[in-house]
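The values are calculated or read from the model by the stated rules, or taken from the named source; none is laboratory data. Quick caveat, the model's predicted, so the values are computed rather than measured. Cβ: placed from backbone, ideal geometry, glycine included. Neighbour counts: every protein chain shown. All accessible areas refer to the heavy atoms of the entire protein, side chains included, with ligands and DNA or RNA removed. Shrake-Rupley method; radii C 1.70, N 1.55, O 1.52, S 1.80 Å.
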Amino acid sequence: MSRSICFATSEFTPFAKTGGLGDVAAALSAHLHRQGHDVRPFLPLYASLQREGLNLTPVDFLQGIPLQMGRFQLSFSIFTTLLPSGLTVYFVHCPALFGRDGIYGKEWDEYLRFAGLTRAILESCQRMGWGPDIFHCHDWHTALLPIYLKTVYSWDRLFESSRTVLTLHNLGYQGIFPSQALADIDLQDHAELFYQEDLQAGHINFLKTGLLYASVITTVSRTYAAEIQTAEHGMGLEGLLRKRRDSLIGIVNGVDYEEWSPDRDQVIPHPFSIDQMEGKRLNKKTLLEQMKLEDDLETPLLAIVSRLTAQKGFDLLFDTLAPALASGRARLVALGSGEERYAEFLQWLQSTFPGRAAFHRGYSNDLAHLIEAGADIFLMPSRYEPCGLNQMYSLRYGTVPIVRKTGGLADTVQPYDPEHDTGTGFVFEHFTPTGMGWALDLALRTFHETPEEWKKLQRRGMEQDFSWHRQGRIYEQLYDKILGQAESS
Ligand code: ADP
Ligand code: GLC
């Protein structure tokens, strides 16, 4: 059945992206649109928005709309752009909130920015006379939408049968702010609906509030859905998640193979496919040249493309990478930005092993594609990983992943087992340098000593199918289920 679905998100590739959330919001909404649903994604018109391909059209009846947020009198306008897929994206233009550098900020009014986005989305729906079947919220930034529906907008019959889905992409970011913020986001009169222990401790938690009031909660892999109900991975929310476990479901992310497939990739110089692998070698040559690494196609090239945060497990590389580089058994190319200690380490590798290790600090979509296409082994030793997209991209590009068995990495990479001729990557369990060292050593030995095995391993990875067709269907069934419950209640 065709549904109307409002996507409320802070990121949307290619316009605003810091990580996988942008990819997932864009690809899932485009997929649902192609399935015939009326999908309308809303995101901020950040000043730093990637403007390429963005042909903004003002929505004439949604210009200069007043938005009172506590003591702040704001106003916003809506602009749209039509994507080649036929999907229309809605941008909330509110310079007071989004007219500054970057996507996320560290200023005092971060709560106002995203509560403001959430309110602007609801105000826009009202003025469009559009009461979507589903409000699909993503992460803490739009997690207040369910409570706003319950309170500030409860009078409006337009939203009477709307249901809410909150997708958890990462519990590491919860949106925790001083409780004084309540007045500014117009929820002071509903303080009783917030988690009382938090209020007593002087703060509010956007994500937790979303967990309390969303009709259903999803997260981006089955294993992460189980992990977050434990103290080890729940980041303080495990009790609440356990209470709501009947409404919590893990759905592994899909991959947009239009963008991330070596035979269709618009960015890489040499397309290739499972039966035409020559292009991979040529991409490796280009990549080595571009990164000023030695022109050596025989030594395995390790790769990193990542936000540089503790989540990604780079602490395990401190002791394990240098010996592999020093022995000449491996080369390294890394792309990333984030925490200084990891950037410094990668910088140190580059200067200690010139020609063998290269680090590009920053963000580059083109280089990310070339790395996937040209490298041999992808490193993702994450401490925790809700889903992870890069390991799935790597599989498709024949770049064998080394991953830790956690979250979506456990769900998408099968451990290499030469005896049974199975597996798609190297999987280690314990978050220790020994675990990482074992996996790296096994990968390098397999590459160097059994090239035929390596080819089979690559092939099995390239054959995996993580397309949105399969995963999108699960979201559709979920929407049907909660709306069915609503229709029959
Ligand atoms: P996360 O969302 O936790 O960062 P994912 O693996 O889900 O992890 O998604 C990361 C996405 O961000 C991928 O599309 C990856 O290519 C991209 N990415 C991360 N860092 C960079 C970077 N420095 N330059 C280009 N793309 C990057
Ligand atoms: C988050 C997670 C990552 C996931 C992405 C998209 O940023 O860290 O594991 O793939 O969201 O869901």
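Quick check: Cα centre of the stretch 425-489 to Cα centre of the stretch 28-86, how many Å?
Here the answer is 33 Å between Cα centres.
Which whole-number percent gives the relative contact order of the chain, counting Cα pairs below 8 Å spaced six or more residues apart? Don't jump to the answer; show the numbers that get you there.
On the way: 937 pairs, mean separation 57.6, N = 489.
The value is 12 percent.
Considering only C-alpha atoms, what is the centroid distance from the stretch 261-287 to the stretch 179-204, in Å?
53
How much of the DSSP beta bridge set in the stretch 278-464 is antiparallel, as a percent to the nearest 5?
Values: 1 of 24 bridges.
If we restrict to bridges inside the stretch 278-464, about 5 percent are antiparallel.
Can you tell me which of 341-349, 56-64 comes out highest on packing, and rank the rest after it, using the mean Cβ neighbours within 10 Å?
The most tightly packed comes first, giving 341-349, 56-64.
Counting only heavy atoms of protein chains, what accessible area per residue, in Å², does the stretch 278-464 have with a probe of 1.4 Å? Write down the numbers at each step before the final one.
Details: 7040 Å² over 187 residues.
Value returned for the stretch 278-464: 38 Å² of accessible area per residue.
What's the magnitude of the charge dipole for the stretch 278-464 around its Cα centre, counting Lys and Arg as +1 and Asp and Glu as -1 at the beta-carbon? Answer in Debye, nearest 20.
Details: 21 positive and 25 negative charges, 62 e Å.
Here the size comes out at about 300 debye.
If you roll a 1.4 Å probe over the stretch 1-124 with all protein chains in place, what percent of the accessible area is carbon or sulfur? Each step should come with its number before you reach the end.
Values: 2460 of 4680 Å².
Here carbon and sulfur together make up 53 percent of the probe-accessible area.
Taking +1 at the Cβ of each Lys and Arg and -1 at the Cβ of each Asp and Glu, which of 435, 30, 266 sits farthest along the dipole of the chain towards its positive end, judged by Cα position relative to the Cα centre?
Going by the Cα projections, it comes out as 30.
Show that you can apply the helix-only estimate: for the chain, add -39,500 (n - 2.57) for every DSSP H stretch of four or more residues, divide by all residues, and state [θ] at 222 nm to the nearest 500. Could the numbers behind the result be given before it?
Working: 18 runs with 179 residues, N = 489.
Mean residue ellipticity at 222 nm (helix-derived): -10500 deg cm²/dmol.
For residue 9, enumerate residues with amide H under 5 Å from its amide H, sequence gap 5+ or separate chain, H modeled in the peptide plane.
Result for residue 9 returns 42.
For residue 39, which sequence-distant residues (separation of 5 or more, or a different chain) have an amide H within less than 5 Å of its own amide H, given hydrogens modelled in the peptide plane?
Under 5 Å from the amide H of residue 39: 5.
Please give me the summed charge of the neighbours of residue 439: other residues whose Cβ is under 13 Å from its Cβ, Lys and Arg +1, Asp and Glu -1.
Numbers: positive: 404, 405, 445; negative: 429, 441.
After counting each charged neighbour, the total is +1.
Between residue 273 and residue 463, what length comes free when the chain is fully extended (0.36 nm per residue of separation minus the Cα-Cα distance, one decimal in nm)? Kindly include the intermediate steps, with their values, before the conclusion.
Details: separation 190, 0.36 × 190 = 68.40 nm, distance 1.02 nm.
That pair, residue 273 and residue 463, stretches by 67.4 nm at full extension.
R0 = 25 Å: FRET efficiency of residue 296 with residue 319, Cβ-based, nearest 0.05?
Calculated value: 0.55.
With contacts defined as alpha carbon pairs under 8 Å and 6 or more residues apart, what's the relative contact order of the stretch 116-247 in percent? Please report the intermediate quantities before stating the final value.
On the way: 172 pairs, mean separation 33.8, N = 132.
The value is 26 percent.
Estimate the FRET efficiency between residue 189 and residue 73 by the formula 1/(1 + (r/R0)^6), using the beta-carbon distance for r and 22 Å for R0, to the nearest 0.05.
Approximately 0.75, to the nearest 0.05.
Residue 264 label point, 7 Å along Cα→Cβ, cut-off 17 Å on backbone N: hits in the stretch 435-472?
Under 17 Å, as judged by backbone N against the label point of residue 264, lie 462-472 of the stretch 435-472.
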